[in-house]
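The values are calculated or read from the model by the stated rules, or taken from the named source; none is laboratory data. Every value quoted in this text rests on a predicted model; they were computed, and no experiment measured them. A quick note on method: Cβ atoms are made from the backbone with ideal geometry, for glycine too, and the neighbour counts reach across all protein chains shown.
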Amino acid sequence: MNNPIQFYKSQIKFYQTQLDAFKSKLLVFSLARIIVYLVGVMGIYIYFHEISIAVVIAIVATATFLFLLSKHNDSKKQRDLVKTLLDINEEEIQIASGKFHHRFNGLKYQDPNHFYSLDIDLFGRGSFFQFINRTAITEGTNKLADVLKANDTQYIKKRQKTIWRQEYTAKGYLINEETPKHIIVNWLKNYKPFLPKLMKWLPYIFSALSLAVITLAILKIVPIAYMVYWLLIGIAIIGVYFSKVTNLALYATQVKDTFRQYALLLKQIETEEFSSELLKEKQQAIILKGEKSSAIFTKFSKSLDALDNRNNMFFILLGNGFFLWDIMQSYKIEQWILEYGKTVDNWFEVVSFFDAYNSLGNYAFNHPEFVFPEINTAKAVINAKNLGHPLLDKNKRVDSDLNIENEQFFIVTGANMAGKSTFLRTVSLHIVMANVGLPVCAESSSYSPVKLITSMRTTDSLTDDSSYFFSELTRLKFIVDAIKEEPYFIVLDEILKGTNSTDKAIGSRKFVEKLVAGNATGIIATHDLSLCEIEKELDDVKNYYFDADIVNDELYFDYKLKKGICQNMNASFLLKKMEII
């Protein structure tokens with residue numbers, strides 16, 4: 001069994017050493033550039049009157065300076081990646097210690113009309129999503145939320161083989177998400193080219209002629225003025241398309257970093273060896289006509305970078321005037337968009353998919369003591385030994401065995417704070433985690449896949465002008481309608497709280513009887529002991545309870561699920577203990 005904490009500590013030590021090395025390397029490149037610059041300036045000054053030598057010095061100095069600048073930028077990118085990997089490992093240790101409430105909590109994904117997302121602490125502060133989420137890009141975060149809310153029981157075994165790669169997450173963190181992906185996709189799909197086909201070869205012919213004119217001018221075969229005239233002709237050609245190129249360059253500036261980083265993510269997906277059929281299918285989806293998507297993205301990224309160089313004064317005048325630089329790069333970009341623009345959305349989706357499933361792989365790695373449920377079609381829906389809540393401290397958590405068969409319904413009673421609601425969320429999370437392919441917090445688990453539906457946190461709505469009781473009824477109607485279509489595992493917590501005790505008892509009994517008559521499977525937690533009478537009448541209903549004991553004027557809980565009906569309630573005791581009555 002792996003030790004995640006030891007692994008993260010070793011990674012921190014490794015990346016800290018690498019980071020120190022890159023800092024030294026960057027300092028060397030910076031000093032070297034300064035030296036080259038000073039030597040070049042001095043050489044040009046000394047040989048100012050010998051133009052041929054001065055030109056050679058300028059060319060060599062410029063080439064060396066640009067080479068060193070390129071190496072510096074490459075090292076800086078590697079340093080940033082290493083720094084991100086260092087931060088990731090440090091944060092994993094922090095999260096393992098329970099410090100994760102500062103992270104994005106995903107509350108916006110909570111939906112009161114969803115099957116279970118409101119009830120089981122799936123989203124919000126201290127939620128399962130906040131604990132598990134390691135996504136690096138917005139679309140990946142959205143995808144992870146969708147996966148957790150999917151309520152999908154298909155392909156569970158395929159999803160259980162998800163792997164985790166820190167470097168993928170780190171590269172994702174380095175993406176500049178200045179422009180949302182849906183805006184990029186919309187721009188590419190609706191882009192209208194403005195350059196005619198002759199621009200495919202015109203810039204190259206013009207560039208060759210420019211080199212000829214410059215050479216002839218330097219050799220004094222033609223007057224220097226010819227070179228100036230030719231420069232003005234190039235600028236005039238550029239001027240025809242200047243406004244449209246400028247508009248294209250604006251988009252290029254906004255998306256070039258995105259495509260550069262996505263190319264790195266796609267390359268990592270392409271080069272990975274997966275055992276999971278699901279991941280293999282997604283890997284194949286990014287290969288187009290035998291050409292790897294990372295190469296396609298890299299090609300586009302380089303064209304975007306090249307066009308972005310127009311912001312440099314050298315390219316504005318000399319690059320455009322002699323080589324029609326803007327037109328050359330714009331034509332490449334337009335042709336790329338025409339060929340691949342409508343496919344980009346699929347590639348973005350695959351990157352988002354791996355970003356989301358990377359979080360699942362990370363969770364499995366962090367919890368080697370958890371188990372993947374044995375998927376079967378046996379009579380037992382859940383047969384788990386020592387089942388616990390995955391977010392509770394394992395040193396304090398109390399686990400319970402659970403064996404609930406298909407079409408059985410458990411009525412769980414218990415004192416306040418004895419553990420009923422936590423147990424309901426534990427069972428619910430077992431179902432959600434098992435369905436998405438995660439290991440569950442149990443010593444062992446045999447699971448027959450089923451969809452989940454809950455009613456635990458009904459709220460009233462001022463916006464809809466609906467009372468709490470009406471909201472409860474609406475939720476229960478939703479459940480009744482849902483189980484008519486297909487089987488669900490139903491989890492209920494103290495239903496019909498919005499009415500008086502007599503109505504509540506009668507209504508709750510009739511509702512449970514209706515669910516059992518409809519061959520439903522599930523659990524209801526209640527304080528109403530009269531509901532337990534149903535066990536005597538219906539074989540599919542079983543009573544369980546959580547107990548509380550008062551010893552020496554103190555309240556004690558063992559948080560263990562037991563067979564039978566709770567006899568000890570504690571509301572009056574707590575009211576007196578807190579001097580409320």
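Condition test on residue 204, is it surrounded by fewer than 14 Cβ atoms within 10 Å (Cβ to Cβ), touching a residue at least 40 places away in the same chain (Cβ under 8 Å) and more than 24 Å from residue 259 (Cα to Cα)? Spelling it out, residue 204 is indeed surrounded by fewer than 14 Cβ atoms within 10 Å (Cβ to Cβ), touching a residue at least 40 places away in the same chain (Cβ under 8 Å) and more than 24 Å from residue 259 (Cα to Cα). The residues in region 358-413 that are aromatic (Phe, Trp, Tyr) and under 22 Å from residue 483 (Cα atoms) can be counted, and the count is 2. Checked against the criterion of being buried (at least 20 other Cβ atoms within 10 Å of the Cβ) and not aliphatic (A, V, I, L, M), the candidates 401, 345, 355 yield just one match: 355. Determine whether region 209-217 contains at least one residue that is surrounded by fewer than 15 Cβ atoms within 10 Å (Cβ to Cβ), under 30 Å from residue 349 (Cβ atoms) and either without any contact (Cβ under 8 Å) to a residue 12 or more places away in the chain or not assigned by TED's automatic domain parsing to the domain that holds residue 345 (or both). Looking through region 209-217, none of the residues is surrounded by fewer than 15 Cβ atoms within 10 Å (Cβ to Cβ), under 30 Å from residue 349 (Cβ atoms) and either without any contact (Cβ under 8 Å) to a residue 12 or more places away in the chain or not assigned by TED's automatic domain parsing to the domain that holds residue 345 (or both). Could you figure out which of (1) at positive phi; (2) at pLDDT 90 or above isn't true of residue 489? The one condition residue 489 does not meet is (1). Within region 153-165, the set of residues being part of a loop (DSSP other than H, G, I, E, B) and within 12 Å of residue 278 (Cβ to Cβ) comprises 154, 155, 160, 161, 162, 163. With respect to the conditions (1) at pLDDT below 95; (2) exposed (fewer than 15 other Cβ atoms within 10 Å of the Cβ), residue 146 falls short on a single one, namely (1).
Sub-8 Å Cβ pairs linking a first residue in region 134-149 that is without any contact (Cβ under 8 Å) to a residue 60 or more places away in the chain to a second residue that is in a loop (DSSP other than H, G, I, E, B) and not aromatic (Phe, Trp, Tyr), at least 6 apart or interchain, are 138/177; 138/180; 145/106; 149/111; 149/114; 149/117; 149/122, ordered by first then second residue. Counted as qualifying within region 223-325 are the helices (runs of 4 or more DSSP H) with 1 or more residues that are in contact with a Lys or Arg (Cβ under 8 Å, 6 or more places away or on another chain) and buried (at least 18 other Cβ atoms within 10 Å of the Cβ), namely 242-271, 277-284, 293-308, 320-323.
No other residue among 554, 537 is acidic (Asp, Glu), modelled with pLDDT of 85 or more, loosely packed, with under 13 Cβ neighbours inside 10 Å and farther than 19 Å from residue 480 by Cα apart from 537.
For residue 469, the conditions (1) assigned to a helix (DSSP H, G or I); (2) crowded, with 22+ Cβ neighbours inside 10 Å; (3) at pLDDT below 85; (4) of a type outside the set (A, V, I, L, M) all hold with the exception of (2).
Taken over region 8-52, the criterion of being out of contact with any Asp or Glu (no Cβ under 8 Å at 6 or more places or on another chain) and touching a residue at least 40 places away in the same chain (Cβ under 8 Å) is satisfied by 9, 11, 15, 16, 18, 19, 22, 23, 25, 26, 29, 30. Condition check for residue 338 on (1) in a helix (DSSP H, G or I); (2) crowded, with 21+ Cβ neighbours inside 10 Å; (3) of a type in the set (A, V, I, L, M, F, W, C): one failure, at (2). All of (1) assigned to a loop (DSSP other than H, G, I, E, B); (2) under 25 Å from the mean Cα position of the chain (by Cα) hold for residue 395 with one exception: (2). When region 1-43 is filtered for residues that are among the hydrophobic types (A, V, I, L, M, F, W, C) and touching a Ser or Thr at 6+ places or on another chain (Cβ under 7 Å), the ones remaining, listed by number, are 22, 26, 29, 36. The number of residues in region 171-222 being within 30 Å of residue 358 (Cα to Cα) and either of a type in the set (Ser, Thr, Tyr) or part of a loop (DSSP other than H, G, I, E, B) (or both) comes to 8.
Residues are listed down the side, and each one gets a yes or a no for (1) surrounded by 15 or more Cβ atoms within 10 Å (Cβ to Cβ); (2) farther than 30 Å from residue 489 by Cα; (3) more than 21 Å from the chain's Cα centre (by Cα); (4) in the same structural domain as residue 357 (by TED's automatic domain parsing):
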residue	(1), (2), (3), (4)
38	no, yes, yes, no
42	no, yes, yes, no
61	yes, yes, yes, no
66	no, yes, yes, no
72	yes, yes, yes, no
76	no, yes, yes, no
94	no, yes, no, no
125	no, no, no, no
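Please verify whether residue 571 is crowded, with 16+ Cβ neighbours inside 10 Å, farther than 27 Å from residue 453 by Cβ and at pLDDT below 85, treating the condition exactly as stated. No.
Within region 70-128, the set of residues being under 30 Å from residue 485 (Cα atoms), part of a helix (DSSP H, G or I) and in contact (Cβ under 8 Å) with a residue 60 or more places away in the chain comprises just one member, 128.
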